[in-house]
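> Structure provided below as structure tokens; questions to follow.
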Amino acid sequence: MAIRIFNHHARIIAASTALAIIGMAPGHASAQGLFGQITKRVKQAVQSEVTNKAEKETRKATRCVLGEADCAAQQHQRNNNGSANGNTASSDLTAGPSALISPYPGSVEQSREYQDYTDYARVIGMDRSRHAETQVLEGALTRLLYNNPKGRSTLELIRNYRNALEARGFKVDYEVPNAKSWILNIREANGMIAYGTDVRYFTGKLRYNDGTAYVSILVYREASGFGRTNIHILQTNEMDAGMVGVDPSAMAAELERSGEVNLKGVFFDTGRATLRPESSAELDTVASLMASQPQLTMKIVGHTDSTGSMANNQALSLRRAVAVRDALIARGVDGQRLHAIGMGSRDPIASNATDEGRAQNRRVMLVRQ
């Protein structure tokens, strides 16, 4: 770009000064001075043009990531015309889950994977050994990987993506604003790639069509300056409990059918019995169910995975069951109708040899008495 601008201004200035140059002998002091002035003027013009262009492109980039319609159309046209050479991001901006968010302009798509229905381990925490804590979801999955545009910081990139999503009603569940020590097994957990010590990540959800879209974005940069952006979108056909609440009648039907309910919408801080704010919707549903069936009594059973000692797991599972019991009492449920039990890791429902299995084993169950 700079070469084209240089040539453009050079022709203009050269045309306006050619007559002054002609006729001067080589080495003439006036000629040398004039050439110096020309060179200085061309450099100034080029620098001004480059600066203005950079500012314009930065403003345009923000508008594009925010989903501006005309920008999306232009990007889609560029993709159709030039993506075969690998020079532009080739995301389909008009259909499918990837339409939720456009790649930052200048990003180069490296891979794309789509599955109509599968399970996905969404990273919602990191334990003390730097391993992923995950929430296993099921639905349509899109995985996108881009090379980052040169000169863009991880902060600039991830902030633009987050702003674009939040403008659509996106709510962040978990984030790592700047990780110096990142999750060791994230690639094994859900396929995301991360290297270096400049890593930023967030995950959350928003309403999409008639269901919920869970979006997870990880941006990293290595010491050399090279970096990538991972975008994973898991779309379900059902609205998430943390957004609109679960129908108490559906929970009652599950209790009638199997005698127990897995409270998948209840979340705790890693290694603790502290309920996360996003657990409120599920707890409200349980309280509504108990109010609608005054004779119903429940066991609240806490479970852990096999990480750690048996004694610690037993104590943690009981504290978590008690935390749920206390939260329901605070919502007006008679404590005499609730009995908290800790099972530790004694009753797994999946293999503790995998991250996904351990995530399923960490749970709180409602069991009808």
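Values quoted throughout were computed directly from the atomic coordinates according to the rules given, and no laboratory measurement underlies them. Remember, it's a predicted structure, so these values are computed and weren't measured experimentally. Positions of Cβ are generated from backbone atoms using ideal geometry, with glycine treated the same way; all protein chains shown enter the neighbour counts.
> At most 10 other Cβ atoms within 10 Å and a DSSP loop assignment: could you name the GluC sites (Glu not before Pro) in segment 162-238 that fit?
Sites meeting the loop and neighbour criteria: none at all.
> Report, as a whole number in µm² per second, the diffusion coefficient that Stokes-Einstein gives for segment 317-369 at 10 °C and 1.306 mPa s using the Kirkwood radius over alpha carbon pairs.
129 µm²/s
> How much length, in nm to one decimal, is gained on full extension between residue 312 and residue 347, taken as 0.36 nm per residue of separation minus their Cα-Cα distance?
Difference between extended and current length: 11.1 nm.
> A further question follows. Quick one: which of 171/299; 150/180; 180/205 span more than 29 angstrom between C-alpha atoms?
Going by Cα-Cα distance, 171/299 fall outside the 29 Å limit.
> What do you get for Rg/Rh over segment 213-321 if you use C-alpha atoms and the Kirkwood form of Rh?
That ratio is 1.10, to two decimals.
> Could I ask something else about it? Which Rg and Dmax, in Å, describe the Cα atoms of segment 93-235?
In order Rg, Dmax, the Cα atoms of segment 93-235 give 14.1, 43 Å.
> For a paramagnetic label modelled at 7 Å from the Cα of residue 272 toward its Cβ, which residues of segment 338-369 fall within the zone defined by backbone nitrogen distances under 20 Å?
362-364
> Something else now. Contour minus end-to-end for residue 226 and residue 167, with contour as 0.36 nm per residue of separation and end-to-end as the Cα-Cα distance?
The span from residue 226 to residue 167 would gain 18.4 nm if fully extended.
> If you take the beta carbon distance between residue 256 and residue 136 as r and set R0 to 35 Å, what does 1/(1 + (r/R0)^6) give as a FRET efficiency, to the nearest 0.05?
Efficiency, rounded to the nearest 0.05: 0.90.
> Please identify the trypsin sites (Lys or Arg not before Pro) of segment 302-369 that satisfy two criteria: DSSP loop assignment and at most 13 other Cβ atoms within 10 Å. Which are they?
Loop-located and lightly packed - 346.
> While we're here: Obtain the nm distance between the two label points defined at residue 175 and residue 195 by a simple spin-label model: each point lies 7 Å from its Cα along the Cα-to-C-beta direction.
Placing both labels 7 Å beyond Cα along the Cβ direction yields 2.7 nm.
> Around residue 133, with a cut-off of 15 angstrom between Cβ atoms, what is the net charge of the other residues, counting Lys and Arg +1 and Asp and Glu -1?
+1
> Length gain on complete extension for the stretch residue 185 to residue 110, per 0.36 nm per residue less the alpha carbon to alpha carbon distance?
Once the chain is fully extended between residue 185 and residue 110, it gains 24.9 nm.
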